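Taken together, the values in this text are just the output of simple stated rules run on the coordinates, not laboratory data. Everything numeric here is computed off the predicted structure, so don't read it as measured data. Cβ atoms come from the backbone with ideal geometry, glycine included; neighbour counts cover every protein chain shown.
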Amino acid sequence: MKSMQAVDHHRVVLPVVLCLCFVLLGVRTARAVDYDLEDLLPNLSFESGLTGWSYTGAGVNPDTYLTDDEWSVQTWSASSPFYSDAELATYYPGQPWGLDPDITHIDQSGVVGDPTVTITAAVGSHFVGSRQDGYEGHYRRDPSEPPQPSGGFYDTSFQLTTDSTAGSFQTGDTFTIRLWGLRGRLRQDWGVPNANSPGSASILRARLTGGTFSVGNINFTAWDGMPDGNWYWQDLTWTLESDTASIRLVITARNQNHDRFVAVDSGTPSSPVESATWGTIKALYR
């Protein structure tokens, strides 16, 4: 009798154990996926212009971001409280922001590795940036001019967001992008790198949205303590903590003071180079 009960017991328990083993095996084989965002989000390096990107800065902080109209036509407008577009076009010819803006970094005396260079893309042919021009656009040059608004001058900052990309993304998946950043000065002579100006140095950050991630905004820090006027790269990684069906990338750049600029690009060049020497190499062979 006891032997029969033992047999029946094993007949019941054994299938249950086997099922649990198969379930556990299935869980173990469902590995997290490592995504390169360049493969998921089209045109991250701006090689097709701003296709797939939307300008979203004006809704974030209207006092410090460009307006939608300004960004779309890439000219000065309400960002200057004192001058008309025609006057600013005289002071600052060229395109001050947007796709492939007209930006020249001016070297600073006493800063080793700080070139005077007209900015071009870090990877490929296109980049995005914004320059914060100087006193003419934001400060009174003459006592007869109207006083500054209570908030002071307007910083030419921007925020871009990619179109949403659908997918079956699961908890544990990772997403990585190689982001390139560049910042600098538009005139002499500060004598110190932008990064050594607390509260005034231009900033750059990125954020992945669509699910819950291990981190939110990731600040670009590769240029900290380095000479201005050079492109630097930084690999940014987010880990997904909740399943989601879509993602998008948000890039925010802010000039926090006059006579500064900030630029951004992404991607991996076909011939890798050291980050700290990238701007110098491009300047030599331009």
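Quick notes on this one:
- Cα convex hull of the range 182-256, projected area averaged across orientations, nm²: 5.6
- For the range 48-56, 3J(HN,Hα) computed residue by residue from phi via the Karplus equation (6.51, -1.76, 1.60; θ = phi - 60°) reads 10, x, 9, 4, x, 10, 10, 7, 10 Hz, glycine and proline entered as x.
- Put simply, when 205-213, 47-55, 176-184 are sorted by average Cβ atoms within 10 angstrom per residue, most first, you get 176-184, 205-213, 47-55.
- Couplings 3J(HN,Hα) for the range 228-239, derived from phi with the Karplus relation 6.51 cos²θ - 1.76 cosθ + 1.60 (θ = phi - 60°), are 5, x, 10, 6, 10, 10, 8, 7, 10, 10, 10, 10 Hz, where x marks Gly and Pro.
- Amide H contacts under 5 Å for residue 127: 100, restricted to partners 5 or more places along the chain or on a different chain, H placed in the peptide plane at 1.01 Å from N.
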